[in-house]
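Nothing in this text is a laboratory measurement; each read-out follows from the coordinates by a stated rule. All values derive from a computational prediction rather than experimental measurement. Glycine gets a Cβ as well: all are built from the backbone with ideal geometry, and neighbour counts include every protein chain shown.
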Amino acid sequence: MRVLALMGVLLMTVAAAPPKWTLVIHGGAGIIERARMKPGEEAAIRAALGAALAKGAAVLKSGGAALDAVEAAVELLEDDPHFNAGRGAVFTYEGRNELDAAIMDGRARTAGAVAGTTRTKNPVALARAVMEHSPHVFLSGPGADQFSVEQRLPQVDPSYFATPERLRQLDELKAKKLSWFDVDLKYGTVGAVAVDTHGHVAAATSTGGLTGKRWGRIGDSPLIGAGTYADDRACAVSATGAGEYFIREGVAHEICARVRMKGEDIVTAAKAVMAEVGQLGGDGGVIVVSPHGDGGWSFNTPGMYRGRVSSEAAAQVAIFGDE
């Protein structure tokens, strides 16, 4: 506190608190248990989550935008084959990698999304290009791939996304006739939500969908209001889980609506909506931040790859439900 003498009047001024920022990320949810982890897998996943937090936090620490932070964090997770997004995405029933992503800026609720892309190295970057350089919100399939080329985004051969482990999962699904549910009992979507030092929120989500998906199936991840949503008046949300149920519940928008209309805190709202997803028969999880700097998550599965960091707390990474 400083005391200033001005025109004979004593003025006391209190130094303003530094602006707050928060970043929360996820890498999927499901039957994630210690006994199911392969040797070295846990350490590699924790390292990847930590690296994504560090990349996004570097943007926010420097006063950068929440939108840039969530894109940076998600791109790193897209590049890591441990997650079902970008490189390491699951295969469709026909043996292809078809990628979905969305991004949303809470300032004016602008958004971009893509589905069924096959050649863009980082689908979340393509979603942002749709938001910023097209009159549309959602592009799909060959049209999205064409737009990506026109935007001069980095392109790769479709084989870049394929990994032996994901192909093994597809072969197992077909051999056991396991229908549409992932053979590893995980939903490998990745996502990030952030609030920057200006109080603006943003969300981004990216996925390869479900192992063995057919008929051009699209889940909740690229659907604005279902798997991704951001609104400076309430919060930002990114979801992972049984997409059909998250679509029916309108999970991401529903959480923000409860915060804005009912005055609930973000965790209370997230838990209430996830409970409704469970009542429908679905499972998964969400990450949430508020414009005030609060950040958290809620999930109804045994585990969720997740992490958070803020201007007031060191990075925290967790995997299992008891952490």
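Put a plus charge on the Cβ of each Lys and Arg, a minus charge on the Cβ of each Asp and Glu, and nothing anywhere else: the dipole of segment 123-232 about its Cα centre is then about 580 debye. Pairwise inverse Cα distances across segment 202-323, averaged and inverted, put the Kirkwood hydrodynamic radius at 14.5 Å. Gaussian network model of the chain, Cα springs within a sub-10 Å range: biggest mean-square fluctuation belongs to which of F147, F299, F83? Taking springs between Cα atoms under 10 Å, the residue moving most is F147. With springs only between Cα atoms under 10 Å, which of G263, G95, G106 fluctuates most in a Gaussian network model of the chain? Most flexible of the set in this elastic network: G263. With a cut-off of 11 Å between beta carbons, the residues surrounding L53 carry a summed charge of +4, where Lys and Arg count +1 and Asp and Glu -1.
Determine the dipole magnitude for segment 62-208: charges of +1 sit on the beta-carbon of Lys and Arg, -1 on that of Asp and Glu, nothing else is charged, the reference point is the Cα centre, and the result goes in debye to the nearest 20.
Roughly 300 debye for segment 62-208.
Of the beta bridges in the chain, as assigned by DSSP with both residues counted there, near 90 percent are antiparallel. For segment 36-126, GluC sites (Glu not before Pro) meeting the loop criterion (DSSP other than H, G, I, E, B) and having at most 13 other Cβ atoms within 10 Å: E94. With the simple model of a label 7 Å out from the Cα in the direction of the Cβ, R248 to K177 spans 2.5 nm.
Think of it as helices only: each DSSP H run of n ≥ 4 in the chain is worth -39500 (n - 2.57), and spread over all residues that comes to -9500 deg cm²/dmol at 222 nm.
Here's the list of lysines a cross-link from K174 could span, going by alpha-carbon distance under 21 Å and ignoring same-chain residues fewer than 8 apart: K186, K213.
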